[in-house]
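Beneath this line is the structure, given in structure tokens, with notes to follow.
Each value in this text was obtained by applying a stated rule to the coordinates, not by laboratory testing. In this text the structure is predicted, and so the values were computed from the model without any measurement. As a convention, Cβ positions derive from the backbone with ideal geometry for all residues, glycine included, and neighbour counts pool all protein chains shown.
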Ligand code: ADP
Ligand code: MG
């Protein structure tokens with residue numbers, strides 16, 4: 001392996017040469033305490049930046065064994081170090097053409113997921129992955145600047161972000177312990193007979209609609225469970241914590257406008273992931289399979305059986321295999337629910353703010369004016385109890401506008417001035433005193449939802465001469481092959497890194513799950529959606545995130561099968577049998 005001093009000499013030698021001269025730095029370099037791997041050198045100053053990887057041995061990193069003793073601890077520590085390095089790297093900039101001198105690591109943000117920016121082994125070794133824009137003036141190298149960047153700045157960043165001496169011991173422990181506790185909380189939900197838990201003292205509101213950090217204001221109301229819903233759970237590090245347990249069945253969150261209903265639901269939907277200490281939601285957890293469903297008009301739908309909710313469309317359109325390039329509010333919400341069930345959810349989350357009104361409810365007067373024969377929709381209010389009783393699927397719904405749901409609710413929580421109250425008994429009394437007078441519109445039991453089999457050729461990752469093309473140009477768009485997938489309505493996507501991984505997950509699905517599966521007659525066999533998701537999960541479990549992208553990139557984060565399914569279901573070329 002060549003030595004770091006040779007790297008410095010080489011870079012200085014190529015000062016002012018054509019940009020391609022940088023190709024010579026490709027490969028591993030030995031520094032005094034670690035190695036630097038130059039995995040890919042960019043072809044020109046405007047191309048995708050150069051990819052670098054640091055390998056730091058455990059004795060140099062020198063973190064205590066408690067930082068990586070369990071998988072959950074290692075993930076918490078790795079996310080903490082990645083944030084620290086990403087923050088420090090933002091201060092590094094160069095001068096020159098394009099992204100000259102820019103050093104970037106993917107910042108994990110508020111959530112703690114398995115990610116590829118910083119990987120921590122079970123023995124305490126670290127691997128850190130980041131990119132640099134190799135400095136240039138026009139198309140000429142700035143070798144001296146590059147030398148300073150790689151042989152001076154990078155070691156400085158390592159010492160200021162990636163080793164034990166750079167951090168307060170208590171802070172590292174907090175990140176490891178908090179993550180371990182969050183896993184422990186979530187794993188207790190089943191035994192406790194709960195679908196979600198919100199600890200007392202949690203801070204739920206966010207800084208803004210586009211900023212996931214906690215709202216900082218003197219007027220933030222800390223969460224305090226109603227007495228009747230309070231449970232105590234024991235954590236490996238924090239000891240006993242108390243908070244609100246959300247039971248299975250149908251739970252309503254009611255209350256006046258601007259009283260914190262949606263904020264509570266959003267915390268619950270985000271509770272499928274762990275959060276960093278200080279986030280305010282680090283002890284808010286929900287079942288891993290909780291899925292937020294919403295109306296999303298204009299999306300495409302491919303062969304979904306929405307007949308339980310919508311039947312008898314104009315011109316006899318088939319709703320047992322409903323397909324459209326342009327869904328309405330109600331058909332998109334129905335499809336989202338059936339797709340979530342297909343992927344295996346047992347907890348649906350619904351907010352009236354993002355629902356189609358006619359999908360949610362049809363009141364007595366409307367039933368009189370528009371008889372059921374003229375109305376294709378069986379509203380959700382007539383299905384939500386059945387979903388729980390027949391399929392074991394619970395639902396948490398935010399509702400301020402329709403009291404018709406009181407008849408079907410098991411638990412009712414009222415938000416008043418950001419504080420939750422258990423008003424279940426009151427709600428039952430109101431429901432008895434004031435009957436809605438509506439007749440149920442449920443004519444048939446819930447459909448059994450026949451399997452959808454994915455036609456292999458309908459998931460095509462290629463674009464032009466590239467076998468696979470995946471890009472994430474902004475927070476809501478996934479470019480996959482020649483297609484653009486709008487994921488703006490898939491609220492539980494945690495980050496762009498996760499979205500990129502989902503894109504690569506679709507590539508994996510196309511290349512390793514759909515491709516090459518042929519029947520005896522030589523016709524490509526089409527696995528059903530759930531089996532296809534299972535297969536991707538198995539590959540990821542076996543080989544880790546690098547199975548998604550063999551080039552060892554640092555900008556991927558783990559995803560759930562539900563978000564992979566959401567991307568697949570929004571792919572406009574998708575065809576099912
Ligand atoms: P609703 O859904 O009931 O209309 P939201 O959840 O949208 O209300 O909350 C309304 C506003 O109040 C938002 O700006 C939100 O950030 C803020 N908010 C929510 N919960 C709290 C809280 N616990 N403390 C302070 N502000 C909050
Ligand atoms: Mg709201």
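Based on Cα contacts under 8 Å between residues 6+ apart, the range 456-569 shows a relative contact order of 26 percent.
Measuring from centroid to centroid over Cα atoms, what is the spacing of the range 422-456 and the range 388-403 in Å? The range 422-456 and the range 388-403 have Cα centres spaced 7 Å from each other.
Equivalent ellipsoid of the range 2-167: semi-axes from √(5λ) of the C-alpha gyration tensor, largest first, are 29, 16, 12 Å. Take each peptide in 498-510, 286-298, count the other Cβ atoms within 10 Å of every residue, and average; sorted highest first, the result is 498-510, 286-298. When peptides 563-571, 68-76 are sorted by average Cβ neighbour count within 10 Å, with the highest value leading, the order is 563-571, 68-76.
Stretched out straight at 0.36 nm per residue, the stretch from residue 373 to residue 486 would grow longer than its current Cα-Cα span by 37.2 nm.
Note on the chain: Cα Rg divided by 2.2 N^0.38 Å, N the number of residues, gives 1.07.
Taking a ≥ b ≥ c as the square roots of the Cα gyration tensor eigenvalues, the range 471-535 comes out prolate, since a/c reaches at least 1.5 and a/b is larger than b/c.
In the chain, Cα pairs under 8 Å separated by at least six residues give a relative contact order of 13 percent. Need one word for the range 228-353: rounded, prolate or oblate. Basis is the Cα gyration tensor (sqrt eigenvalues a ≥ b ≥ c); a/c below 1.5 gives rounded, then a/b vs b/c decides. Note, shape of the range 228-353 comes out prolate. Per residue, the average separation of C-alpha pairs within less than 8 Å and at least 6 apart gives the range 198-319 a relative contact order of 22 percent.
Secondary structure note: in the chain, about 75% of the DSSP beta bridges are antiparallel. Using the Cα gyration tensor of the range 1-61, with a ≥ b ≥ c the square roots of its eigenvalues, what is the shape: rounded (a/c below 1.5), prolate (a/b larger than b/c) or oblate (neither)? Because a/c hits 1.5 or more and a/b fails to exceed b/c, the range 1-61 counts as oblate. Over the chain, DSSP H runs of length four or greater, each weighted -39,500 (n - 2.57), average out per residue to a 222 nm ellipticity of -8500 deg cm²/dmol. The orientation-averaged projection of the convex hull spanning the C-alpha atoms of the range 456-569 amounts to 7.2 square nanometres.
Here the range 96-143 is described by how far its Cα atoms reach on the three principal axes: 44, 24, 9 Å, from widest to narrowest. Once the convex hull of all Cα atoms in the range 419-509 is built, its volume per residue stands at 211 Å³. Ranked by the mean number of other Cβ atoms within 10 Å per residue, highest first, peptides 346-356, 425-435 order as 346-356, 425-435.
Among beta bridges from DSSP that stay inside the range 156-268, the antiparallel ones total about 100%.
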